[in-house]
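A quick write-up on the structure given underneath.
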Amino acid sequence: MAEQETPTPQAPAVALPPWEANPVTPAPQDARQHGQVAELAAALPDAVLDAVDMAGQVTVAIPVERALEVFRVCAERLGYEFLVDCTAVDWKDRPEGRFDVIWWIHRHRDERRLRLKVRVADGVEVASATPVWKTANWMEREVWDMFGIRFAGHPNLERILTWEGFGGHPLRKDFPVEGIDTGAAVYPETYPPGGGPSAKPGGAQ
Amino acid sequence: MSTDLHLIQSMPDSEEMEVSFGPQHPATHGVLRVMVRLDGERILDARPIIGYLHRGTEKLFETMYYNGCVPHTDRLDYTTAAANNQAFVGAVEKLMGVTIPPRAAWIRMMLAEMQRLASHIIWLATHALDIGAMSPFFYTFQERETILDLFEEYCGARLTLNAMRVGGQPLDLPEGWTDRLRVFVDQLPDRIAEWERLLTDNRIWKGRTVGVGVISAADAVNWGLTGPPLRGSGVRWDVRKALPYEGYDQVEFDVPIGQNGDTYDRYLVRMEEMRQSLRILRQCLDRQPDGPVMAKVPKVIKPPKGEVYHSVEGPKGELGFYVVSDGSTQPYRLHVRPSSFINLQVLPELVRGHLVADLIAVIGTLDIVLGEIDR
Amino acid sequence: MTNPWVVYLLVPMVKIVVILGAITLAAAYLSYFERRLVGFLQIRLGPNRVGWQGVLQPIADALKLFSKEDIIPTRAEKLVYLSGPVLIIVPALVVFSVIPFGPPTNLFGLLPQAIPPYLTDINVSVLFVLGVSSFGIYGIILGGWASNNKFSLMGGLRSAAQLISYEVPMGFAIVAVLLMAGSLSLVSIVEAQRQAHVWYVFPGFVAFFIYFICGVAETNRNPFDLPEAEAELVAGFHTEYSGMKFAFYFLAEYANMVVVSSMATVLFFGGWLRPFPSWGWLGFLDVVPPVVWFLAKVAAFLYCYIWFRGTFPRVRFDQLMALGWKVFLPVSLANLMVIGTLIVLFGGGR
């Protein structure tokens, strides 16, 4: 429809409109001087390990042992009353710690967001954010289920999407995409023990 | 009809009963299972058990090309496919620094608002059905059909749209589509008024929803509620206003809020949201710019190394996608902020002390879709 | 026609067969009309495939239910489980033995003498109807308990509570009619309305209102269909029943609807009498046989039932109880006192 009509003069032919030019890829920039980071650094001087601004989103790396303290300060003193989400990323072979655990926090006062990040090795416990934001409950259960990161002080850290007794943490990079044999013998005649739906391509005949 | 909970007192020697609502139950909207401890008809505790529909979508995303992920986002919350597409492509575009052409943005807004209408219509239909009003189900689905027909005409699919690509829209609007949409937009307000006549002032409806599942504004924020459940508690917060994307800062609309944070207020909020969506659609139809619908993006999407989070106001709340790229053609990690999942976890708080019938009303009012919860 | 074999055996037997057949068929077709009507209210078609406009649908359903596998849950209390459907269908049908469908008739001259088109008229038929129809609750509560299913049990308990709560105001509403008519016989009540030149719905409007709402509640119909609220309790007390056992529950529910409608017709709407029996200029209406008047009134009530189903949401359990005990009971008592006082003052009754 639009192609047949004469294009409306969007910008007078000098500069290309941004959608016809090559995309300007955002690059990470140091954000230690960013207002929100400075605020946090002022409240908790040694809590900010690093701060990166990418595409307008600020990520603050915090030490894992001080996580709960940072949460409390953010929620109570800096006004970040809304925990948007919490998840993790598995960097399998990274020497300085395998997982990133990430929280997004939001404050309604000026509609700003901050991303907190800790770097942990496999088996290290992270403080649970549930005392500060109740909504962290299921998010942390999901992270435990999917990545096997334990949260200290969580009221009920059980698996949530897989079942209790599932052997593995699916979103780890060393978990096969095809799935694993869980040993669940639902229909032993159709799926003989040890076979597993994934081990037998084609499944039941 | 006020709440007469005191009429059903617990007996001195009564025993507790544990009932498993679901995973196969007519009113749990899919495969939700709620273990309910009951004292007679009163709920002592409710424990949602989820995961029956877990498909490992986030794991699958890691094996796919970026544009190949789009159809899989459709299947997260299958009633809000356009919003899922919008959030995902928005995240990747932000990571790549792509600006989409204005016409594409406005088409996306139209699709998203139509999807919001369709989703709210399903919510109204099932919520009313759960509370026992059967007829609204059919009245509402008739209108939803028109929306799905328009979707079909635009992209060939009715439910799982796969209608957006990184960099814009794959297709321009077909001939006459906007006229048909305008007809629909003009007739829907009458229909909404009709549905409201059946329910809004109905004493039984009010008896079933007023004062049921109350959550205060502070609690709602602390529990991370977004979307209508948050606004029903009186927090005027909407991603479209707070962190505008696409053309939402150029259209006029109001964010309706409730006062008491009960099921009835959430009902009113959603009904008003439908009208506001129509208002946005009308502006989109009037002010839709011309021009291309696809930005200049490479054939193979290869975002730079980095991470980005982008969220939209989905029909059920804030729907976000977190993309971590290692500079390859596949996402290193793709995480969804599922609004239904986070809204559902407040269920035990809302139903404790209420009756069994209220559990069903509260599940309905949270407007969950298990496809998104379990992913 | 004085042969006792004919009078005491043949005629009643024929009547029993006709009434049973008619009621069973009526209940089955009520389900058909409900589906068509609700379909109409909900802008859809409803069953329209089996036979002309789907009129054979109830027969097809019956055949299907007959041929269904008969499932008895392993853990069910077998004897009680099996007796549930019997306990509910028998009272629902027995009640029809005293419902007066019309005045004695000779079927347009086919019979040598006029015989009443109802099975019997006993002098306590109101109590009989109330007593026997309440007996059906055993089928619900025992069936719900014996299924060994928590949803069934809750449905059965809800139903018991509901029936007991609504029996009381319903009884008081009926007493108002009894005061006016001065008789417990349903036939006499109709005759009394003829003599009073007025349907009892006009003086007893409040009583009628309470009676009909309680009737809807007692038959577990929307908006009071809590015992089988599919959104909460799956199918309530008959969740575990299949095949013909389910059909019995189903049939009994519809038969009970017909009972409540018939009683409303007899008690408040003059039974088989034409509208405004005292107005002579409406005499041309008498060409319509009385039975047709009766059936038309019953059909109107049944239509209301279905209409409710298409319109209302479901009330909650506590609201249902509150409505019964805190609204209807006092109102029906007050109504009784008002009517009683008026009768004493103006001598309306007998």
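The values are calculated or read from the model by the stated rules, or taken from the named source; none is laboratory data. Keep in mind that this is a model prediction, so the values were computed, not measured. All Cβ positions, glycine included, derive from the backbone under ideal geometry; neighbour counts span all protein chains shown.
Just a few scattered comments:
- B:G132 being away from chain C (no Cβ under 14 Å) and not aromatic (F, W, Y): no
- Filter result for the condition that a residue is within 13 Å of chain A (Cβ to nearest Cβ) and touching a Ser or Thr at 6+ places or on another chain (Cβ under 7 Å), over B:M96, B:M64: B:M96
- Total residues in the stretch A:144-167, condition surrounded by 14 or more Cβ atoms within 10 Å (Cβ to Cβ), free of Cβ contacts under 8 Å to residues at least 40 places away in the same chain and part of a loop (DSSP other than H, G, I, E, B): 10
- The set of residues in the stretch B:130-147 being assigned to a helix (DSSP H, G or I), closer than 23 Å to B:V362 by Cβ and either charged (D, E, K, R) or touching a residue at least 24 places away in the same chain (Cβ under 8 Å) (or both) consists of B:D130, B:S135, B:P136, B:T140.
- The stretch C:315-332: number of residues that are away from every other protein chain (no Cβ under 13 Å) and out of contact with any helix residue (DSSP H, G or I) (no Cβ under 6 Å at 6 or more places or on another chain): 2
- Search result, residues across the stretch B:217-253 that are surrounded by fewer than 17 Cβ atoms within 10 Å (Cβ to Cβ), of a type outside the set (D, E) and either in contact with a helix residue (DSSP H, G or I) (Cβ under 9 Å, 6 or more places away or on another chain) or over 22 Å from B:I363 (Cα atoms) (or both): B:G234, B:R236, B:K241, B:P244, B:Q250
- Filter pass, C:V292 being more than 14 Å from chain B (Cβ to nearest Cβ), under 15 Å from the mean Cα position of the chain (by Cα) and either under 30 Å from C:G39 (Cβ atoms) or surrounded by 15 or more Cβ atoms within 10 Å (Cβ to Cβ) (or both): no
- When every residue of the stretch C:218-239 is checked against the conditions, at least one turns out to be closer than 24 Å to C:Q193 by Cβ and at pLDDT 80 or above.
So that you can scan it fast, the table gives a plain yes or no per residue for (1) without any contact (Cβ under 8 Å) to a residue 40 or more places away in the chain; (2) outside any loop (DSSP other than H, G, I, E, B); (3) among the β-branched types (V, I, T); (4) crowded, with 21+ Cβ neighbours inside 10 Å:
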position	(1), (2), (3), (4)
C:G84	no, yes, no, yes
C:V132	no, yes, yes, no
C:I164	yes, yes, yes, no
C:V168	no, yes, yes, no
C:A176	no, yes, no, yes
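- Flag for B:L281 being more than 9 Å from chain A (Cβ to nearest Cβ), of a type in the set (A, V, I, L, M) and farther than 30 Å from C:L226 by Cα: yes
- Filtered residues of the stretch B:41-53 (kept if within 12 Å of another protein chain (Cβ to nearest Cβ) and surrounded by fewer than 18 Cβ atoms within 10 Å (Cβ to Cβ)): B:R47, B:I49, B:Y52, B:L53
- Residue match in the stretch B:285-292 (condition: away from chain A (no Cβ under 13 Å), closer than 16 Å to B:V183 by Cα and crowded, with 18+ Cβ neighbours inside 10 Å): no
- Looking at B:D179, B:D172, B:D190, B:D186, just one residue is acidic (D, E) and in a loop (DSSP other than H, G, I, E, B), and that residue is B:D172.
- Flag for B:H335 being over 23 Å from B:M274 (Cβ atoms), more than 8 Å from chain A (Cβ to nearest Cβ) and part of a strand (DSSP E or B): no
- Residue among B:A104, B:A157, B:A163, B:A91 that alone is part of a helix (DSSP H, G or I) and under 20 Å from the mean Cα position of the chain (by Cα): B:A91
- Some residue of the stretch B:212-220 being of a type in the set (D, E) and in contact (Cβ under 8 Å) with a residue 40 or more places away in the chain: yes
- Considering residues of the stretch B:293-321 that are facing another protein chain (nearest Cβ under 8 Å) and touching a Lys or Arg at 6+ places or on another chain (Cβ under 6 Å) only, the residue surrounded by the most Cβ atoms within 10 Å (Cβ to Cβ): B:V293
- Residue, surrounded by the fewest Cβ atoms within 10 Å (Cβ to Cβ), within the stretch B:254-267, restricted to residues that are touching an Asp or Glu at 6+ places or on another chain (Cβ under 9 Å) and either assigned to a loop (DSSP other than H, G, I, E, B) or aliphatic (A, V, I, L, M) (or both): B:Q259
- Residue match in the stretch B:197-216 (condition: within 14 Å of chain A (Cβ to nearest Cβ), touching a strand residue (DSSP E or B) at 6+ places or on another chain (Cβ under 7 Å), surrounded by 16 or more Cβ atoms within 10 Å (Cβ to Cβ) and hydrophobic (A, V, I, L, M, F, W, C)): no
- Here is the figure for the stretch C:40-60: residues that are free of Cβ contacts under 8 Å to residues at least 60 places away in the same chain and either of a type in the set (A, V, I, L, M, F, W, C) or surrounded by fewer than 14 Cβ atoms within 10 Å (Cβ to Cβ) (or both) total 12.
- Residue that is surrounded by the fewest Cβ atoms within 10 Å (Cβ to Cβ) [pool: residues in the stretch B:183-196 that are within 14 Å of chain C (Cβ to nearest Cβ) and out of contact with any Pro (no Cβ under 8 Å at 6 or more places or on another chain)]: B:E194
- Pairs linking a residue in the stretch B:289-316 that is more than 28 Å from A:V101 (Cα to Cα) to a residue that is in a strand (DSSP E or B), with Cβ atoms under 7 Å and 6 or more positions apart or on different chains, are B:V293/B:G168; B:M294/B:G168; B:A295/B:G168.
- Selection count, the stretch B:154-173, where residues are under 21 Å from B:E372 (Cα atoms) and of a type in the set (G, A, S): 2
- Odd one out for B:V269, checked against (1) within 24 Å of B:W106 (Cβ to Cβ); (2) among the hydrophobic types (A, V, I, L, M, F, W, C); (3) modelled with pLDDT of 90 or more: (1)
- Residues (more than 8 Å from every other protein chain (Cβ to nearest Cβ), under 18 Å from B:A242 (Cβ atoms) and of a type outside the set (K, R)) located in the stretch A:76-110: A:L78, A:G79, A:Y80, A:I105, A:H106, A:D110
- Pairing each residue of the stretch C:142-159 that is within 12 Å of another protein chain (Cβ to nearest Cβ) with any residue that is among the polar types (S, T, N, Q) and surrounded by 24 or more Cβ atoms within 10 Å (Cβ to Cβ), provided the two are 6+ apart or on different chains, yields C-beta distances under 9 Å for C:L153/C:S147.
- Among the candidates C:V298, C:V258, C:V292, the residue that is over 30 Å from C:N149 (Cβ atoms), in contact with a helix residue (DSSP H, G or I) (Cβ under 8 Å, 6 or more places away or on another chain) and β-branched (V, I, T) is uniquely C:V298.
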